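> Below is one structure. I have some questions about it.
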Amino acid sequence: MKLVSKFALALSLVAVSAAPAAFAQSDEKPKKEKKGKEAAAPKRNYSKPFIAAYLPVLNLLSKSKDAAAAKAEFPKVIAAIGNDDDRYEAGILAINIGAPLKDLAFQEQGIDLLIASATTPADLKREYTFRKGAIGYDGKRFADAEKHMIDAYNMGHRDNNIEFLISNAMSQQGKDADAIVWISKAIAASKAAGPVNKTYVVRAAILSAKAKNYGAAANFYKDLISAENNPDYWHDALAFFDRSRDFNPEETLDIMRLMRATDGIRFQQEYAAYLDSLSYIGVRYPAEAVSLLDEGFAKGLISRNNVTFSERYNEAKARLVEDTRTLAGTIAPAKASPKGMLATLTGDSFFSHKDYKTAKELYESALSKTPVLDKDGGDQTDRTRFRLAMSKTMLGDYAGAKTDFAMITGANRKAIAEYWLMFIDHRAKAAATPAAATPAT
């Protein structure tokens with residue numbers, strides 16, 4: 001993907017005055033500097049050979065308006081350079097010759113002279129150093145672009161998305177680790193100026209993923225999903241996040257549930273992963289499997305002609321009949337059990353049927369018997385509380401959900417909770433917007 005096109009040309013190398021301040025007339029020697037308020041130009045010390053070579057070329061450009069002839073004679077000016085003042089004036093002249101000819105390479109020669117001259121004012125040298133880098137960037141001379149743009153940055157240049165361009169120049173050379181550092185600077189500069197530039201964040205995530213740093217990629221996307229409830233952003237954020245850690249099937253399931261809730265599922269392998277987390281010990285949640293597959297078929301993201309999906313759909317559909325018939329009878333035994341895990345598992349079944357109210361009651365019952373231990377003695381308290389928070393989220397009890405998410409202690413689930421909390425913020429904002437727009441009566 002070409003991120004910047006003809007960048008240097010868009011800058012337009014503005015030519016400075018064709019007749020340097022030190023020369024009053026093209027056929028005269030430099031005049032003495034005036035004193036007092038009129039002495040605006042600094043005193044220059046041009047060498048005599050340079051003056052002799054310079055004036056005829058200047059005449060060709062300014063009097064005869066023949067830039068091509070001036071270009072042809074310019075090597076004589078270069079040959080006569082004897083000091084930094086000469087070099088400075090030669091650089092300006094080259095830029096002015098190249099401008100009407102639209103000769104970027106010739107203008108670049110002038111820029112090189114200005115950069116090399118100690119006479120060039122600091123602010124001018126900074127800007128021309130950047131322009132040198134921009135020309136290199138457009139010419140795909142990325143090492144040259146990187147060097148001069150970093151030099152310009154160190155001189156204080158902060159315009160023209162310079163951090164972003166430096167990052168891209170580095171990436172073009174395969175220096176992705178360095179490119180990430182500079183794209184991070186671009187993001188920081190963008191935030192300081194106002195809303196973050198989304199292009200920068202996406203680029204940062206792509207570079208991080210390319211380096212297989214999926215955690216960093218997911219973290220970059222947090223800026224995007226925090227600012228905008230965009231399904232594509234949710235997909236990429238959660239896809240990178242899922243690859244950033246080792247999650248158990250129950251944890252993966254709650255990531256996939258959030259991806260589905262944000263309309264972020266995009267690919268058939270994600271449907272397959274969702275189904276795997278639903279069925280890693282048999283068809284545990286047939287209602288959720290059926291509704292997920294129906295949704296995928298309707299969107300055209302998966303096909304009924306796919307043997308794997310069609311077989312799993314038929315299996316879940318057959319299991320759903322019995323699951324639905326017996327579900328109501330599981331509530332009382334689960335609440336009566338002295339062990340909280342039965343209520344947790346029963347709550348999971350009701351959650352998969354989208355009966356979030358009953359699921360909430362069962363999770364609360366389980367947590368009243370903490371710690372919630374599974375058959376192997378593993379502590380499932382975090383899992384239970386997490387799904388209680390999910391149930392409250394789906395019921396619109398955002399304050400209650402946030403309280404429960406804040407009580408999660410396990411590292412993986414705490415990380416997953418960050419995304420659910422952002423989801424809550426978007427839902428709460430969406431719920432509040434119509435109310436805010438309704439006039440008071």
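> It is to be established whether one or more residues within the range 427-437 are open to solvent by 30 Å² or more (accessible area, probe 1.4 Å) and within 24 Å of Ser244 (Cα to Cα).
no
> Let me ask another. Could you tell me which of the residues Asn154, Asn168, Asn161, Asn197 is of a type in the set (S, T, N, Q), modelled with pLDDT of 95 or more and crowded, with 17+ Cβ neighbours inside 10 Å?
Only one candidate passes the filter, namely Asn168.
> Restricting to the range 404-426, give me the number of residues that are assigned to a helix (DSSP H, G or I), touching a residue at least 12 places away in the same chain (Cβ under 8 Å) and either open to solvent by 10 Å² or more (accessible area, probe 1.4 Å) or not β-branched (Val, Ile, Thr) (or both).
Going through the range 404-426 one residue at a time, the tally reaches 14.
Listed here are the residues, each with its yes/no results for (1) assigned to a helix (DSSP H, G or I); (2) hydrophobic (A, V, I, L, M, F, W, C).
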{"site": "Tyr46", "(1), (2)": "no, no"}
{"site": "Ile51", "(1), (2)": "yes, yes"}
{"site": "Arg87", "(1), (2)": "yes, no"}
{"site": "Leu93", "(1), (2)": "yes, yes"}
{"site": "Ile97", "(1), (2)": "yes, yes"}
{"site": "Leu114", "(1), (2)": "yes, yes"}
{"site": "Ala118", "(1), (2)": "no, yes"}
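> Determine whether the range 300-317 contains at least one residue that is out of contact with any helix residue (DSSP H, G or I) (no Cβ under 9 Å at 6 or more places or on another chain), assigned to a loop (DSSP other than H, G, I, E, B) and more than 29 Å from Asp425 (Cβ to Cβ).
For the range 300-317, residues out of contact with any helix residue (DSSP H, G or I) (no Cβ under 9 Å at 6 or more places or on another chain), assigned to a loop (DSSP other than H, G, I, E, B) and more than 29 Å from Asp425 (Cβ to Cβ): present.
> Filter the range 331-355 for residues that are within 20 Å of Ser279 (Cα to Cα) and of a type in the set (Val, Ile, Thr); which is surrounded by the fewest Cβ atoms within 10 Å (Cβ to Cβ)?
So, considering only residues that are within 20 Å of Ser279 (Cα to Cα) and of a type in the set (Val, Ile, Thr), the one surrounded by the fewest Cβ atoms within 10 Å (Cβ to Cβ) is Thr346.
> How many residues does the range 356-372 contain that are of a type outside the set (Gly, Ala, Ser) and either open to solvent by less than 50 Å² (accessible area, probe 1.4 Å) or touching a Lys or Arg at 6+ places or on another chain (Cβ under 7 Å) (or both)?
8
Table: residues versus (1) among the β-branched types (Val, Ile, Thr); (2) in contact (Cβ under 8 Å) with a residue 24 or more places away in the chain.
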site	(1), (2)
Arg312	no, yes
Ala328	no, no
Ala336	no, no
Leu345	no, no
His353	no, yes
Tyr363	no, yes
Lys369	no, yes
Thr384	yes, yes
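> If Ala145 meets every condition in (1) buried (at least 19 other Cβ atoms within 10 Å of the Cβ); (2) under 21 Å from Tyr419 (Cα atoms); (3) touching a residue at least 24 places away in the same chain (Cβ under 8 Å) apart from one, which number is that one?
Here Ala145 clears every test but (2).
> Continuing with the same structure: When you scan the range 154-246 for helices (runs of 4 or more DSSP H) that lie fully inside it, which ones turn up with 2 or more residues that are more than 30 Å from Lys429 (Cβ to Cβ) and out of contact with any Leu (no Cβ under 7 Å at 6 or more places or on another chain)?
162-172, 176-193, 198-210
The values are calculated or read from the model by the stated rules, or taken from the named source; none is laboratory data. In this text the structure is predicted, and so the values were computed from the model without any measurement. All Cβ positions, glycine included, derive from the backbone under ideal geometry; neighbour counts span all protein chains shown. What goes into the accessible areas is simple: the full protein's heavy atoms, side chains included, and nothing from ligands, DNA or RNA. Shrake-Rupley method; radii C 1.70, N 1.55, O 1.52, S 1.80 Å.
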